[in-house]
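Participant: Following this message is one structure expressed as structure tokens.
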Amino acid sequence: MKTYELIKPFLKGKGGLVLISLLFAIISTGAKLSVPLVAGIAIDLMVKGNPSFNEITKFVILIASLACVGGIFRYFFDLTTAYLGEKIVETMRNACFSSLVDAPISYLDQQKKGDLVYVLSSDIENIKTGLVSGAAAAFDGVVAILFTLVLMFYLNWIMALAVVLLTPLSVVISRFVSKGNAKYFKEQSRRNGELSSFAKEGLDNISAVRTLNLQKKREEEFSLKAEELRKANYKAMLMASLINPSTRLVNNLIYATVVLLGASMLIFNFGVTSTFTVGALGAFLSYALSYMTPFNEVADVMSEISYAAASLKKVVGKIKVSPDIDLGTKNIEGDVNSIKARDVFFSYDGKRDVISNFSINIAKGMKIALVGPTGCGKTTLLSLLMRFYDPNKGAFYFNDCSTLDISKEDVRARVGMVLQETWIFFGSVKDNISYGKKDATLEEIKKAAEIAQASSFIERLPQGYDTIISDGTGLSVGERQLLCVARAILVSPEIVILDEATSNIDLHTESLLKKSFDALMEGKTSIVVAHRLSTIINSDLIVVMKDGEMIEKGNHTELMGKNGFYKSLYEAQFH
């Protein structure tokens, strides 16, 4: 698809700015290009005789005025096009982020997070500096070319025709060189994304890298990727560097031809009208340079334009990602009194079932525990219940209504999740706790923190609930988890899901959390995934998973009496 077709949707609603920019370009270019014509008239006046001081002064004032007008409106043009460019990339960035937020979880799981961040930041900046700068140069250049064409034909149509016939050589050379650059800039952009993703992954897991003494290995891998990026950059820049010299060489040859032709016409007086004078020749040569300048300017930014075009394709590709499809149209009236799973099958790749023939009945207020070895499908079941993914066969039911028929928004609004991986964003403690309930009062926030056993450490922070925190601040893993628990408590959902929520918390903190979890889950349906079996002994129903199948179910006493897989897991932790 052509670059203009890709960027066209982002110009919608900005026609006024485009017209204003065009007006400023016309005034600026018209004033600037009038200077050589006036100067040529002044030269002819001096050649013919001795002009008076007043006549010379008038010409000087007129030329200075035209130059000032041209400069002022050029500033307005640059200001307007810069603002237009910022509005375009703002629209593009918002559209890209919105598309990624609405994208299916299955799509996001397959993407490198560093590459997505690179698209939102660096790729869009490339578009701004490349396409917007190139468009401004082309925009201004078209106006300049039209003005100079009119003035050149006015001064001497033969020489003007010669310039017009020779100039396409420059365009052809530029097009020929730049056409072969696309693949190099595409490769450059891809390598940039890979390096960003690798760096983010390494920094996010720096503790694990150091624990395993993998610093040297990661450095070597990073250096290898950096070397691949360097080679891609070199190839792209090498090809891009051919554009400017080749076009300038052609333009200089054209200019030299025009000079020889004009001087010959003036000296030998062939095909020259009486109006073609020394001053007219000087003005014409100035216009010939002005006519070729836009081609040189575009050639100067051609490498940036090519790079930006590659980035634009990546950004538009992300924007065009199909949103998460939700065919559910129903909303549940009242409370969720029962949750059921009927013959649920699910596979991520369509080849190997991660969940096989899973069925269960959960009444309101029950506490359900999912246990089993890593990779047995516990977290996948929760993802299916939350409709991050949908089953390949079978379905979950809320009040005997398939969740496939219920809107995802309604399903998720009834569920509060506390996950093993904490999510703390840059902001105050109170903003982090109230993220799911923006209208929460400070008293409600403090009460939720108190129930979650988080109030004591929050009050020790420098500014208490107004302390600015993030995932990278000095909070421990346990403290961050306590804030996430407080966030869930504040929302007070009907259904509570705890996915390994205490796995990163010490035993003392875990004992404190037990009371808050009991209070949170009282009267609510709860589903708990835990490796520490001691935390789920009092569950109403324990579901034992292995290889995606339910192999046992019952309460703790019943399962211990079966002398099966659950008992072996339990005894392995306490013996």
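The values are calculated or read from the model by the stated rules, or taken from the named source; none is laboratory data. Values in this document were obtained by computation on a predicted structure and should not be read as measured data. Here the Cβ positions follow ideal geometry from the backbone for every residue, glycine too, while neighbour counts run over all protein chains shown.
Participant: Could you list all residues from region 536-575 that are surrounded by fewer than 20 Cβ atoms within 10 Å (Cβ to Cβ) and among the hydroxyl-bearing types (S, T, Y)?
Facilitator: T557, S568, Y570
Participant: To continue, here is another question. Would region 84-105 turn up any residue that is surrounded by fewer than 15 Cβ atoms within 10 Å (Cβ to Cβ), farther than 30 Å from E201 by Cα and in contact with a Ser or Thr (Cβ under 8 Å, 6 or more places away or on another chain)?
Facilitator: no
Participant: Report whether or not G365 is of a type in the set (G, A, S) and surrounded by fewer than 18 Cβ atoms within 10 Å (Cβ to Cβ).
Facilitator: On the way: of a type in the set (G, A, S): yes; surrounded by fewer than 18 Cβ atoms within 10 Å (Cβ to Cβ): yes.
For G365, the condition - of a type in the set (G, A, S) and surrounded by fewer than 18 Cβ atoms within 10 Å (Cβ to Cβ) - is met.
Participant: Quick one: A42 ticks every box in (1) at pLDDT below 80; (2) exposed (fewer than 14 other Cβ atoms within 10 Å of the Cβ); (3) small (G, A, S) bar one, so which box is it?
Facilitator: Evaluating A42 over (1) at pLDDT below 80; (2) exposed (fewer than 14 other Cβ atoms within 10 Å of the Cβ); (3) small (G, A, S) leaves (2) as the failure.
Residue by residue, here is whether (1) out of contact with any Ser or Thr (no Cβ under 8 Å at 6 or more places or on another chain); (2) within 29 Å of K200 (Cα to Cα); (3) at pLDDT 90 or above holds:
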| residue | (1), (2), (3) |
| --- | --- |
| E421 | yes, yes, no |
| I424 | no, yes, no |
| K437 | yes, no, no |
| T441 | yes, no, yes |
| A454 | yes, no, no |
| D471 | no, yes, no |
| G474 | yes, yes, no |
| R480 | no, yes, no |
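Participant: Taking only region 415-429 into account, find how many residues are touching a helix residue (DSSP H, G or I) at 6+ places or on another chain (Cβ under 6 Å) and surrounded by fewer than 18 Cβ atoms within 10 Å (Cβ to Cβ). Don't jump to the end; show me each part of the working.
Facilitator: Within region 415-429, the first condition is being touching a helix residue (DSSP H, G or I) at 6+ places or on another chain (Cβ under 6 Å), and the residues that meet it are 416, 418, 422, 424, 428-429.
In the following step, the residues that additionally are surrounded by fewer than 18 Cβ atoms within 10 Å (Cβ to Cβ) were identified as 428.
The qualifying residues number 1.
Participant: Please go through region 458-484 and give me each residue that is part of a helix (DSSP H, G or I) and over 25 Å from K514 (Cβ atoms), ordered by number. Give the derivation first.
Facilitator: Here is the first cut: in region 458-484, the ones part of a helix (DSSP H, G or I) are 458-459, 464-466, 477-484.
Once the filter is applied, which keeps residues that are part of a helix (DSSP H, G or I) and over 25 Å from K514 (Cβ atoms), region 458-484 yields G464, D466.
Participant: Related question: Check whether at least one residue in region 460-473 is among the basic types (K, R), touching a helix residue (DSSP H, G or I) at 6+ places or on another chain (Cβ under 7 Å), farther than 30 Å from M366 by Cβ and in the same structural domain as L385 (by TED's automatic domain parsing), and report yes or no. Quick ask: steps written out before the conclusion?
Facilitator: Here is the first cut: in region 460-473, the ones among the basic types (K, R) are 460.
Of the ones still in play, those that are also touching a helix residue (DSSP H, G or I) at 6+ places or on another chain (Cβ under 7 Å) are none.
Taking every residue of region 460-473 in turn, none turns out to be among the basic types (K, R), touching a helix residue (DSSP H, G or I) at 6+ places or on another chain (Cβ under 7 Å), farther than 30 Å from M366 by Cβ and in the same structural domain as L385 (by TED's automatic domain parsing).
Participant: Oh, and also: Hey, can you tell me all the residues within region 104-118 that are under 12 Å from E194 (Cβ atoms) and within 10 Å of the chain's Cα centre (by Cα)?
Facilitator: D115, Y118
Participant: Restricting to region 529-566, give me the number of residues that are assigned to a loop (DSSP other than H, G, I, E, B) and either on the phi < 0 side of the Ramachandran plot or under 46 Å from the mean Cα position of the chain (by Cα) (or both).
Facilitator: As a first pass, look at region 529-566 and keep what is assigned to a loop (DSSP other than H, G, I, E, B): 530-532, 537-540, 547-548, 555, 563-564.
Right, trim to either on the phi < 0 side of the Ramachandran plot or under 46 Å from the mean Cα position of the chain (by Cα) (or both) and you get 530-532, 537-540, 547-548, 555, 564.
So the count comes out to 11.
Residues are listed down the side, and each one gets a yes or a no for (1) farther than 17 Å from L312 by Cβ; (2) assigned by TED's automatic domain parsing to the domain that holds I26; (3) in contact (Cβ under 8 Å) with a residue 40 or more places away in the chain:
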residue	(1), (2), (3)
N54	yes, yes, no
L62	yes, yes, no
G70	yes, yes, yes
E90	no, yes, no
P104	yes, yes, yes
G114	yes, yes, yes
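Participant: Which ones in region 115-147 are more than 30 Å from A160 (Cα to Cα) and among the β-branched types (V, I, T)? First the steps, then the outcome.
Facilitator: So in region 115-147, the residues more than 30 Å from A160 (Cα to Cα) come out as 115-132.
Hits for region 115-147 are V117, V119, I124, I127, T129, V132.
Participant: Sticking with this structure for a sec: State all residues of region 400-414 that are surrounded by fewer than 20 Cβ atoms within 10 Å (Cβ to Cβ), touching a residue at least 24 places away in the same chain (Cβ under 8 Å) and either in contact with a strand residue (DSSP E or B) (Cβ under 6 Å, 6 or more places away or on another chain) or not assigned by TED's automatic domain parsing to the domain that holds I360 (or both); if no residue qualifies, say none.
Facilitator: Matches in region 400-414: L404, D405, R414.
Participant: Among the residues of region 287-307, is there at least one that is under 33 Å from the mean Cα position of the chain (by Cα) and modelled with pLDDT of 85 or more?
Facilitator: Start the filter on region 287-307 by keeping residues that are under 33 Å from the mean Cα position of the chain (by Cα), which leaves 294-307.
With the extra rule that they be modelled with pLDDT of 85 or more, the set shrinks to none.
Within region 287-307, none of the residues are under 33 Å from the mean Cα position of the chain (by Cα) and modelled with pLDDT of 85 or more.
Participant: So, in region 437-446, of the ones that are in contact with a helix residue (DSSP H, G or I) (Cβ under 8 Å, 6 or more places away or on another chain) and over 18 Å from T422 (Cβ atoms), which residue ends up surrounded by the most Cβ atoms within 10 Å (Cβ to Cβ)? Before the answer, list the steps.
Facilitator: Applying the first criterion (in contact with a helix residue (DSSP H, G or I) (Cβ under 8 Å, 6 or more places away or on another chain)) to region 437-446 yields 437, 440, 442, 444-446.
Those still in the list that are over 18 Å from T422 (Cβ atoms) too: 437, 440, 442, 444, 446.
Details: K437: 15, A440: 17, L442: 11, E444: 16, K446: 19.
Among those residues, the one meeting the criterion is K446.
Participant: To continue, here is another question. Condition first: hydroxyl-bearing (S, T, Y) and under 32 Å from the mean Cα position of the chain (by Cα). Can you find one or more residues in region 353-360 that meet it? Steps first, answer last, please.
Facilitator: Residues of region 353-360 hydroxyl-bearing (S, T, Y): 356, 359.
Those left that are additionally under 32 Å from the mean Cα position of the chain (by Cα): none.
So far as region 353-360 goes, no, none of its residues is hydroxyl-bearing (S, T, Y) and under 32 Å from the mean Cα position of the chain (by Cα).
Participant: How about region 125-142: which of its residues are crowded, with 22+ Cβ neighbours inside 10 Å and either modelled with pLDDT of 80 or more or outside the structural domain of V163 (by TED's automatic domain parsing) (or both)?
Facilitator: N126, I127
Participant: Restricting to region 301-339, give me the number of residues that are of a type outside the set (A, V, I, L, M, F, W, C) and assigned to a strand (DSSP E or B).
Facilitator: Residues of region 301-339 of a type outside the set (A, V, I, L, M, F, W, C): 303-304, 306-307, 311, 313-314, 317-318, 320, 322-324, 326, 328-331, 333-335, 337-338.
If we keep only those that are assigned to a strand (DSSP E or B) as well, we get 330, 338.
So the answer is 2.
Participant: Exactly one of these conditions fails for S516: (1) surrounded by 13 or more Cβ atoms within 10 Å (Cβ to Cβ); (2) at pLDDT 85 or above. Give me its number.
Facilitator: (2)
Participant: Further question: Pick out the one residue from S311, S347 that is small (G, A, S), out of contact with any Lys or Arg (no Cβ under 6 Å at 6 or more places or on another chain), surrounded by 15 or more Cβ atoms within 10 Å (Cβ to Cβ) and modelled with pLDDT of 90 or more. Talk me through it step by step, then tell me what you get.
Facilitator: Numbers: S311 fails: modelled with pLDDT of 90 or more.
Matching residue, one of S311, S347: S347.
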